[in-house]
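Read through the structure below, which is laid out as structure tokens, and then see the notes.
Taken together, the values in this text are just the output of simple stated rules run on the coordinates, not laboratory data. Every value quoted in this text rests on a predicted model; they were computed, and no experiment measured them. With ideal geometry, Cβ positions are generated from the backbone for all residues, glycine too; neighbour counts draw on all protein chains shown.
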């Protein structure tokens with residue numbers, strides 16, 4: 001990376017970054033990559049990342065295990081259709097989501113990051129966040145990206 005930055009050309013290209021990633025992983029026998037929120041990237045960035053993920057999944061050495069979480073969007077689903085995946089939805093996790101929201105709100109109140117004087121308002125905030133969470137927690141998770149036979 002140092003050699004690439006010394007060129008004073010500004011930001012590295014996608015190919016340069018991918019080359020660095022591939023050079024680094026060769027030093028390990030097993031590599032784990034976690035990609036969260038791929039759907040939040042622009043479509044051209046998604047396409048680049050997905051291309052690299054496909055290349056990584058085809059490498060023999062080292063073994064590369066990749067975990068991707070994303071909303072179920074067309075480009076991502078289409079590109080990774082041959083890989084094992086699970087669908088996660090708010091309906092299946094509503095209790096966990098409610099607990100997470102409640103604990104996060106209470107923690108923010110204790111730390112002073114969130115100031116609520118009326119205890120009734122605290123429960124209203126928790127209720128509103130929990131009820132609106134459904135769209136944020138639907139995701140498709142790809143794990144151990146090894147193509148299915």
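As a calculated quantity, the FRET efficiency between residue 99 and residue 48 at R0 = 30 Å, using C-beta atoms, amounts to about 0.25.
Determine, from the Cβ-Cβ distance of residue 124 and residue 81 and an R0 of 30 Å, the FRET efficiency 1/(1 + (r/R0)^6), rounded to the nearest 0.05.
Values: r = 42 Å, r/R0 = 1.40.
The formula returns an efficiency of 0.10 here.
Report the calculated FRET efficiency for residue 69 and residue 22 (r = Cβ-Cβ distance, R0 = 22 Å), to the nearest 0.05.
Values: r = 23 Å, r/R0 = 1.05.
The value I calculate is 0.45.
Kindly put 32, 74 in sequence by how many other C-beta atoms sit within 10 Å of each C-beta, fewest to most. Could you put the intermediate results ahead of the total?
Numbers: 32 11, 74 8.
Fewest-to-most ranking of 32, 74: 74, 32.
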